[in-house]
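Below you'll find the structure I mean.
The values are calculated or read from the model by the stated rules, or taken from the named source; none is laboratory data. Just so we're clear, the structure is a prediction, and the values are computed from it rather than from any experiment. Using ideal geometry, Cβ is built from the backbone for each residue, glycine included, and neighbour counts are taken over all protein chains shown. Areas reflect the complete protein model, heavy atoms only, side chains present, ligands, DNA and RNA absent. Shrake-Rupley method; radii C 1.70, N 1.55, O 1.52, S 1.80 Å.
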Amino acid sequence: MRIGIMGGTFNPIHYGHLVTAEVVRDKFKLDKVIFVPSYRTPYKGRRDLISSSHRYKMAKLAIENNGYFSVSNIEIKRRGKSYTRDTMKEFKKKFGKETKLFFITGADAIAQMPKWKKAKELPTLCEFIAASRPGFKLRKLPPRYERHTRLIEVPALAISSTDIRKRLKRGETIKYLLPEKVERYIYQHRLYL
Ligand code: NAP
């Protein structure tokens, strides 16, 4: 089995994330992609970050019509800081040695990987897919990480969660930036106002 682990804050999830997961699934011949909303991303403030329960529910609504996609609450259940190394270790244990794992996330985050908790262990657990909008130059990683990292350009990543949150604050439309069900959920629960 080849499984993609799609890590992110998903604050909120949008079409850029969904297109990334689908393109990576297709390109790397993955059997499935599991979206893992983080509980608390290390090194980041909490301003604008809504509850993990809302972010998890929106991710579930967003992936509903793709049979290859699922959402895991592994980091939400663990609470505390969501270290990728802990998450990948748990998935490795769950799926066994025969399964190849791919950690998919934004290229900005991957550039910081050498500073992550127990970073040297990471390339022994999975391969890394760094997603960015076209033209992004991934900062040179030390060879032990670079050997295990692929950069993939996804034009749909012009959509960003930050921009969506700003639009909501200004009362601007977010139509066509994320799935309709997620849009409805945001308005229903008055999120990001
Ligand atoms: P971030 O800094 O909020 O995001 C960096 C950039 O990547 C943003 O442009 C973001 O766009 C984009 N992005 C995030 N997730 C993406 C995805 N799955 N696919 C495509 N683009 C994505 O990063 P983050 O979301 O907080 O963290 C990313 C992942 O790295 C999480 O799983 C986090 O737990 C992990 N991480 C681990 C450690 C550690 O183990 N020490 C430290 C830092 C991060 P949007 O804002 O539009 O999503």
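Just going by the charge dipole of the chain, with Lys and Arg at +1 and Asp and Glu at -1 on Cβ, which of Ser160, Tyr15, Pro142 is farthest out on the positive end?
Pro142
Something else: Restrict the search to region 1-90; then list the GluC sites (Glu not before Pro) that DSSP places in a loop and that have at most 13 other Cβ atoms within 10 Å of their Cβ.
Glu64
Can you give me the accessible area per residue for the chain, using a 1.4 Å probe, in Å²? Write out the running numbers ahead of the final one.
On the way: 10480 Å² over 193 residues.
Spelled out: the 1.4 Å probe surface of the chain, per residue, equals 54 Å².
With 10 Å bins from zero, work out the P(r) of region 2-158 over every alpha carbon pair and list the percent per bin.
Per 10 Å bin, starting at zero, the Cα-Cα P(r) for region 2-158 comes out as 11, 42, 40, 7, 0 percent.
Could you name the aspartates and glutamates whose alpha carbon sits less than 18 Å from that of Lys181, not counting residues in the same chain fewer than 8 places away?
Here the aspartates and glutamates satisfying the reach criterion relative to Lys181 are Glu64, Glu172.
On a straight-distance basis, which lysines could pair with Lys44 in a cross-link, Cα separation under 20 angstrom, same-chain partners fewer than 8 positions away excluded?
List returned: Lys77, Lys81, Lys115, Lys117, Lys118, Lys166.
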